[in-house]
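Enquirer: Quick one: the structure is below, and I'll ask about it shortly.
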Amino acid sequence: MTVHDVVAVGCGPFNLGLAALASTAADLDVVVLEARPELRWHSGMMFPDALLQVSFLADLVTLVDPAHPLSFLCYLRDADRLYPFYVRERFHPTRREYEDYLRWAAARLPVRFSCPVTSVEWVGDRFAVSGAGFSVEARHLVLGVGTEPHVPPALAGLGDRLAHSSDYLHRDVSAGRVTVVGSGQSGAEVALDLLRRNLSDGRPAVSWLTRASAFAPLDYTKLVLEMTTPEYVRHFHSLPQGKRDELRAEHWRHYRAISAETLEELHDLLYRREWERDLAPVELRPGVAVVSSSVVGGEVVLECVHRDTGRAFRHVTDVVVAATGYRQASTPFLAPLERHVRRDPEGRYVVALDHSIELDPEVGGRVFVANADLHSHGVAAPDLGIGAVRNATILNAVAGREVYPLPRHTAYTSFTAPGGTVD
């Protein structure tokens, strides 16, 4: 049996980018295993006009190797859309186009679909990775299983009256009253879609509740964006874990808020409603915590608290869309390996700067994580713009040499104290 250099579990943009960068390194053998039968990327939120929130330069490879044959520009050339994209004069592709780009790249890479991993063990000098009807071996492992929808206990038990935003376009959300709980970009896009329906069809009645004190915009100003650069990642990782956690709590405006363009469109729709009649009502209410929920007499009843005043009230609706975020996906297949894994007091991986997790010395191979390092590498972790650099870092570590030079000058901001350096 062939022993691969790396088996990457999960075929999202990060592991796909790992395989892309490895494909032009003659001495690196990377295979990607994906449980699903095809590549699908946020299909439940694939609105026709939804844009990627980062530039096309944050593709699988460009920020490390701009001349790579699997860049977004090469995809456009192959699709004969390079000039239309140029004339369009927008750096941000649509999500549909980005997903098509990912599929185009996956078709050219060693990705094995319909291969759900059920077990990973350290056997002798390698990882044995197995699932239903297949087994592979690797010297190193990369976990890119991503995240899974999170529904808080306060909304549990609503059955088919509850849809998570990740599944929104796959569900028939056509009730007379629809309530979105939670903000962030997903909540805003669901609210925007419901408002469009309200304006064109007169229904549904739309409510949007969020714990946040305001429907706040993403802070994508340029010097703040430098916090997604490798320079800030190095600084953040150098800090004690307690300080990292403290800082991370302050960074919510960078990845849990709403794009300014979406907020403007929402307000425009609300303004246009002023001249219409016979429309079901619309309610936007920040600063609201949902404490519990139930179905009573065919209606959904949310027990809520207004956080500024402490006033309790009931909110009645027909359907709830939970835009309540995601949690790191579970990895039951790692159970045989768990006794070798070192974790911090919060139960999280202890992640080195090169994105490898701490293991017992008896394990000679290394396990790397993609987008499971928010606590260790900061706000850049889920950002597509850091993917190519993280993957180049991993490949350099696996190969024991500089397969790809890593960028050094990435920010104008000095994040360290005077006289301090971060290697």
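Enquirer: Counting only heavy atoms of the protein chains, get the accessible area per residue of region 80-173 (1.4 Å probe) and round it to a whole Å² value. Present the calculation step by step, with values, prior to reporting the outcome.
Expert: Values: 4990 Å² over 94 residues.
Roughly 53 Å² per residue, with all protein chains present.
Enquirer: Can you tell me the FRET efficiency between E402 and D80 if r is taken as the Cβ-Cβ distance and R0 is 30 Å, rounded to the nearest 0.05? Let's see the in-between values first.
Expert: Details: r = 36 Å, r/R0 = 1.20.
The computed FRET efficiency comes out at 0.25.
Enquirer: As a test, work out the antiparallel percent of DSSP beta bridges whose residues both lie in the chain, rounded to the nearest 5.
Expert: Details: 33 of 65 bridges.
Taking every DSSP beta bridge with both residues in the chain, the antiparallel ones total about 50 percent.
Enquirer: Could you please state how large a percent of the accessible area of the chain is carbon and sulfur, counting protein chains only and using a 1.4 Å probe?
Expert: 52
Enquirer: Here's something else I'd like to know. Can you tell me which of P110, P281, P204 moves the most in a GNM of the chain? Springs connect C-alpha atoms under 10 Å apart.
Expert: Highest fluctuation of the listed residues: P281.
Enquirer: Apply 1/(1 + (r/R0)^6) to the Cβ-Cβ distance of V291 and A25, taking R0 = 51 Å, and write down the FRET efficiency to the nearest 0.05.
Expert: It comes out at approximately 0.45.
Enquirer: Could you rank the peptides 131-140, 231-240, 264-273 by their average count of other C-beta atoms within 10 Å per residue, with the highest value first?
Expert: Details: 131-140: 15.9, 231-240: 19.2, 264-273: 13.5.
In descending order of packing, they fall as 231-240, 131-140, 264-273.
Enquirer: Mind giving me the FRET efficiency for S135 and A329? R0 is 30 Å, r the Cβ-Cβ distance, nearest 0.05 is fine.
Expert: The calculated FRET efficiency here is 0.85.
Enquirer: Could you give the nm distance between label points at D354 and S43, where each point is 7 Å from its Cα heading toward the beta carbon?
Expert: Computed distance between label sites D354 and S43 equals 3.7 nm.
Enquirer: Run the simple label-point estimate for H267 and R248 please: 7 Å along Cα→C-beta, distance reported in nm.
Expert: Once both label points are built, they end up 3.3 nm from each other.
Enquirer: Further question on the same structure: Quick one: check the C-alpha center-to-center distance for region 239-283 versus region 14-78, whole angstrom.
Expert: Region 239-283 and region 14-78 have Cα centres spaced 28 Å from each other.
The values are calculated or read from the model by the stated rules, or taken from the named source; none is laboratory data. Note that the coordinates shown come from a computational prediction; the quantities given were computed from them, not determined experimentally. Because the Cβ atoms are built from the backbone with ideal geometry, glycine has one as well, and the counts that use them run over all protein chains shown. Quick note on the areas: whole protein, heavy atoms, side chains included, nothing else; ligands and nucleic acids left out. Shrake-Rupley method; radii C 1.70, N 1.55, O 1.52, S 1.80 Å.
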